[in-house]
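Data first, discussion second: the structure below is written as C-alpha cells.
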Amino acid sequence: MEINDTKKSNTARLYLISLVSCIFISFLSPTKCFSQNDISPVEIEFVKTSDSLKTAELYFNVLKIVNNTSKPQVGDVLFTVPESWNIFSIPSTQTIINPNDTAWIPLRVSPAADAMGGITYVINAAFRTKSRQISTSAYLTLPSKVKWEFTTDKTSIYFTETNPVASFKVKLSNKGNTNELIKLDLKLGKLLAFANNKSNETVEYVELPAYKDTIISQAVTFQKNLSFEEKNRYENNWKESAIRITASSDKTERSAAIMIRKLSSTYTNQRAQSSFPLNVDYQVYNLMSSQQPRSNAKVFGSILFPKNREIEYIAGAQNIYFNRAANENFDIDRQLIYNIRYKDNRNKVELGYNVNGGTLHSLNGRGLVGNFKISNKTRLTYAVTQNPFSQSLGENAGISTSIKNIALNTDVTHETNSNLKYSATSVNLGTGFTFLKHQSISLQVLGSQSNYNLSSGRDTTVLGFSFKADYSMRYKKFDFRISAFNSMYNYIRNSGFENIYLDTKYTLNDKVRLSIYGNRQRYATTRYPYNFYSDPNFNNTDYLRFTTSISGGNVI
C-alpha cells in the first residue's frame, strides 16, 4: 500500500509541474500551448503588406483568404481605408470559400487629392462570418512632394509727400503634400524703414500647411533722420532704396526685390513751343563764313477753342540777306512759307504753300486740302492745289469707307496746265482686306485720260493706267511684305515710274535673325512731255540685301 501511494504522489506531482510550466511558457511566448499541428480554420492576409506610391496613382493590392477546414466558409469581406479615400472593386455579395480552397479579392484604392505625404497609412481588411471575424492590415506610404512658391504683389512701390507709407504683400503658396517651415528674411535699404518701427532686417518663420496659401503684409516708409547727403547717396544705390526678400526651406531658396521710388507732389507740364498761341523764331547763318550772311524768320503757334477745336499756323520768310542788293531777286514762291491748319472732331482742313492731295494721281503745290468725317467708317477727302513751278492747277475729291474687314476707296482727279497745253482726268478705285487671319492685301488702280495740245491744230488724247499693290503676312516669327507701284503705262504728269519693294524678316531664335531687303526702281522718260521731243531714256536700279544677325552677350 505504501508503494501505490508513492506512485500516485509522483504522478500528481508530474502533472502539477507540467501545468505550471505550460502556464509560465504561455506568459512568455504568444505561441499557444497546444500541439504544433493545430492550424487556424481561416487565414487572411494581403499579398503586399507594405507599399508606397505617388499621390495621383491608384493603389492596387490583393487580399488572400485561405479555408483550411473541410466545410465551406461564407462571410463578408470588409475594407477600411483613411477618410476621404475611395475604394474600388469591393465584392457586393457574400464570399464563399470552398473547403481547402483560397479566395483572391482584388482591391483598388484612390488616395485623397489632399493626402499628406511622408506618412504611412493603414488599410484594414476583415472576413466576417456568423461565428467569427478575422482581420489583417497593409501599410501604404505616400512619398513627400515638395512644391512651394514665393511671389510678391508688386515690383515697384511709389511714395509721395502726402502718402509717405506704402504696403506690399508676400504670398507663400504650398502646392506640395507636406507641411513646410519657411524662413522669410526681409532686408530694407538704409533709405527705408518699417512703419511699425521694427528693425530693418526681419526674420520670420512661417508654418506653411500642405495645399494652403499664406499672405504676409508689411508697410514701409522713408527714413526720417537722414541728412541731405545720405539721401542723395542712398537714392543712387538700388540696394539702399529697395526691399530684398528671401524665402528658404531646408533644400530650396528663392528671392525677390521691390524697388522704392519717391514721387514729387508737384508736376510741371512743359508744353512744346508750337502749343503756345504765339512763338517767334529768328535764325542767322554764315556769320563766320565767306558766304553772305542770311537769316530766317517765322512766327508760329497753336490756338485752342472749346469742343476740341484747334488752329495751328506758321508764317515766315527764309534766305533773307542783310545786303539789299542781294534781296532784289526775292522769289516769293520759294522763300515765303505759310501754313494754317484747322481741326475739330469731324474736320481737318489745311491751307499752305506746300500741300498735296490725291492717291496715285497726286497733286502738290500751294492750296487747300482736307477731309471730313461722315461717320466712324466713312470719310470724304478733297484738295485744290496750284503748282507755281509746273504752272498746273489740280482738283481732287474722294470717299473711303469700310464694310466689315473690307476697305473701299475711290477718288477723281483733274489737272490742267495754265498754258492750256496739257490736261488730264483720272479715276482711282481701291480696296484692301485681311484674309486667313494673318495676311492682308490692298490694290489701287488708276485710269487716266490725258490731252496734249503741243502745236496749233494738233490734239493728242491718250489713255493710260497706273496701279499699286501691297501684300503682307505676319505669322509667329515670320514677317513678309511686298509692295509694287507702276505708272509706266500712264501719260499723266510725273508718270513713267516703276518701284518694287520687298522686306522679309524671320526670327530663328532669341539670338539669330534673318532678313531680306530688296528694292527695284525703273524710270523711263517716255511720257509727257519728253516722248514728243526726244528718244526714250531708261534708268534701272536693283538692290537686294540678305542679312543674318547673330547676337551673343553684348556682341552682335
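For region 213-256, the Cβ-based charge dipole about the Cα centre amounts to some 40 debye (Lys, Arg positive; Asp, Glu negative; other atoms uncharged). Within region 413-514, report the trypsin sites (Lys or Arg not before Pro) that DSSP leaves as loop and that have at most 15 other Cβ atoms within 10 Å. Of the trypsin sites (Lys or Arg not before Pro), the ones in loops of region 413-514 whose Cβ has at most 15 other Cβ atoms within 10 Å are 421, 437, 476, 477, 511.
Per-residue SASA remark: residue 104, around 150 Å² accessible (1.4 Å probe; ligands, DNA and RNA not included). Accessible area per residue (1.4 Å probe, heavy atoms of protein chains only) ranks 281, 213 as 213, 281, with the largest value leading. Accessible surface computed residue by residue for the chain, with neighbouring protein chains in place and a 1.4 Å probe, gives 65 Å² per residue.
Evaluated with a Cβ-only charge set (Lys, Arg +1; Asp, Glu -1), region 227-361 carries a dipole of roughly 420 debye about its Cα centre, given to the nearest 20.
Compared with the direct C-alpha span, the chain from residue 555 to residue 156 gains 140.6 nm at full extension, assuming 0.36 nm per residue.
Contact order for the chain, expressed relative to its length and based on alpha carbon pairs under 8 Å spaced 6+ residues apart, stands at 5 percent. Label sites at residue 229 and residue 541, each approximated as a point 7 angstrom past Cα along Cα to Cβ, lie 6.2 nm apart. The translational diffusion coefficient of region 81-219, from Stokes-Einstein at 4 °C and 1.567 mPa s with a Kirkwood hydrodynamic radius over alpha carbon pairs, comes to 64 µm²/s. Computed about its Cα centre, the charge dipole of the chain is approximately 400 debye, with only Lys, Arg, Asp and Glu carrying charge at their Cβ.
Need one number: the % of Cα-Cα pairs in region 386-518 sitting beyond the 18 Å mark. Cα-Cα pairs in region 386-518 separated by more than 18 Å: 66 percent. Here the Karplus relation 6.51 cos²θ - 1.76 cosθ + 1.60, evaluated at θ = phi - 60°, turns the backbone of region 171-186 into coupling constants of 10, 10, 10, 9, 9, x, 10, 10, 5, 10, 10, 9, 8, 10, 10, 10 Hz, with x for every Gly and Pro.
Between the Cα long axis of helix 2-28 and the first principal axis of the chain there is an angle of about 10°, rounded to the nearest 10. With K and R counted +1 and D and E -1, the other residues having a Cβ less than 11 Å from that of residue 205 yield a net charge of -3. In this structure residue 334 has an accessible area near 150 Å², from a 1.4 Å probe over the protein heavy atoms. For residue 377, a cut-off of 22 angstrom between C-alpha atoms picks up these lysines, skipping any fewer than 8 places away in its own chain: 307, 343, 348, 404, 437.
Across the options 523, 483, 293, the greatest Cα extent toward the positive end of the charge dipole of the chain (unit charges at beta carbon of Lys, Arg, Asp, Glu) belongs to 293. Computed with every protein chain present, the accessible area of residue 480 is close to 50 Å² [probe 1.4 Å]. Shown here for region 278-366: GluC sites (Glu not before Pro) in loop regions (DSSP other than H, G, I, E, B) with at most 10 other Cβ atoms within 10 Å, namely 328. Normalised by 2.2 N^0.38 Å, where N counts its residues, the alpha-carbon radius of gyration of the chain equals 1.99.
Remark: C-alpha extents of region 290-404 on the principal axes read 63, 37, 20 Å, sorted largest to smallest. Surface composition of the chain: carbon and sulfur make up 53 percent of the accessible area, probe 1.4 Å. When only Cα pairs below 8 angstrom with a gap of at least 6 residues are kept, region 461-519 shows a relative contact order of 27 percent. Computed over neighbours whose Cβ is under 11 Å from that of residue 253, the net charge equals +1, Lys and Arg +1, Asp and Glu -1.
With the helix formula -39500 (n - 2.57) applied to DSSP H stretches of n ≥ 4, the chain reaches a computed 222 nm mean residue ellipticity of -2000 deg cm²/dmol. Ranked from largest to smallest solvent-accessible area, with a 1.4 Å probe on the protein heavy atoms, 304, 208 come out as 304, 208.
The values are calculated or read from the model by the stated rules, or taken from the named source; none is laboratory data. Since this is a predicted model, take the numbers as computed values, not measurements. Note: ideal-geometry Cβ built from the backbone for every residue, glycine included; neighbour counts use all protein chains shown. Just the protein is used for accessible areas: all its heavy atoms, side chains included, with ligands, DNA and RNA removed. Shrake-Rupley method; radii C 1.70, N 1.55, O 1.52, S 1.80 Å.
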